[in-house]
1. Could you state the accessible area per residue of region 33-209 in Å², with a 1.4 Å probe and every protein chain left in place?
2. Between beta-carbons, use under 12 Å as the cut-off and find the net charge around GLU176, counting Lys and Arg +1, Asp and Glu -1.
3. Explain nothing, just compute: Karplus ³J(HN,Hα) = 6.51 cos²θ - 1.76 cosθ + 1.60, θ = phi - 60°, for every residue of region 42-47 in order, whole Hz, x for Gly and Pro.
4. Protein chains only, probe 1.4 Å: how do GLU172, GLU97 rank by accessible area, largest first?
5. Could you pull out every residue, at least 5 positions away or on a different chain, whose amide H is within less than 5 Å of the one on ILE147? Hs are placed 1.01 Å off N in the peptide plane, and Pro or chain starts have none.
6. Ignoring any ligand, DNA or RNA, what whole percent of the accessible area of region 33-209 comes from carbon and sulfur when the probe is 1.4 angstrom?
7. Go through region 143-159 residue by residue and turn each phi into a ³J(HN,Hα) via Karplus (6.51, -1.76, 1.60, θ = phi - 60°); whole Hz please, and just put x for glycine and proline.
8. Given the Cα-Cα distance of GLU176 and VAL105 and 0.36 nm per residue of separation, how much length would full extension add, in nm?
Amino acid sequence: MAFNKTRAYRHRIISESSNDDVDYSSRSSFTPTEYLFKILVIGELGTGKTSIIKRYVHQFFSQHYRATIGVDFALKVLNWDSNSIVRLQLWDIAGQERFGNMTRVYYKDALGAFIVFDVTRPATFDAVVKWKQDLDAKVSQEDGTPIPCVLLANKCDQVKEGMVNSVAKMDEFCKENQFSAWYETSAKENVHIDDAAKTLVAQILKNTAQYKPHSKTKGQILLNQVLSSSDKKTNGNCSC
Ligand SMILES: Nc1nc2c(ncn2[C@@H]2O[C@H](COP(=O)(O)OP(=O)(O)O)[C@@H](O)[C@H]2O)c(=O)[nH]1
Ligand SMILES: [Mg+2]
């Protein structure tokens, strides 16, 4: 885990919530597999990154959030299916967007990302490619391919400007720039945020399924996995 290396940032768990779609209680002797995925939420300032996280984790929207400097974490627990619980650690940048990129420490071990733009401000869409390039330059899957990334066209409750009005062009853009998918979202009206997250998680699970269950996979932690003695030795240097 890299979290002990992020001291340069002010960071804190801001919130935690879970869905209750799957009931494990009737299976008392059964322990579902638990995953922890680090997910980045990046994009230009004011596009709605914090609002999307608050909506997704807290079912809450506000016009005014206190801007924090650094990185906030929010934890969303998904009872994914009858065999798996997925914990999403959502990394929200605050105030760092103005630099247009993030350090490798921020990207380290991320398994998925959302890039957010504001449908009312085409300039924020123009910056999407730059964010995607920054992401792909600083983090990748073990085989070197880009981590799954879903593009969010946020504030779709308002009048849309620019290319986002053409579904065909957006589809083409996503294909060219290796996005897994794109969604029009509204943090305000709670549109498509759950769908976008499900698509991202499904893609990450699909990718991680190719690794053996007991191999150590970057950024993915099987929380209920019993470490072998060699694993314990390897982790001995980690202070987290
Ligand atoms: N109408 C509308 N406003 C939004 C939406 N999402 C965020 N906002 C507003 O956009 C502004 C910036 O949002 P914020 O989440 O702070 O953006 P961030 O800088 O990317 O984290 C705030 O005033 C939010 O209330 C949305 O889906 N619809
Ligand atoms: Mg923010």
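1. I get 42 Å² per residue for region 33-209.
2. +1
3. 10, x, 5, 4, x, 7
4. From most exposed to least exposed: GLU172, GLU97.
5. Counting only residues 5 or more places away or on other chains, the set is GLN141.
6. Working: 3690 of 7420 Å².
Of all accessible area on region 33-209, carbon and sulfur atoms account for 50 percent.
7. Each residue's phi maps through the Karplus curve to give 8, x, 7, x, 6, x, 9, 10, 8, 10, 8, 8, 6, 5, 6, 10, 5 Hz.
8. Details: separation 71, 0.36 × 71 = 25.56 nm, distance 2.70 nm.
That pair, GLU176 and VAL105, stretches by 22.9 nm at full extension.
The values are calculated or read from the model by the stated rules, or taken from the named source; none is laboratory data. All figures in this text were calculated on a predicted structure; none of them were measured in a lab. Cβ: placed from backbone, ideal geometry, glycine included. Neighbour counts: every protein chain shown. These area figures cover heavy atoms from the full protein model, side chains too; ligands, DNA and RNA do not enter into them. Shrake-Rupley method; radii C 1.70, N 1.55, O 1.52, S 1.80 Å.
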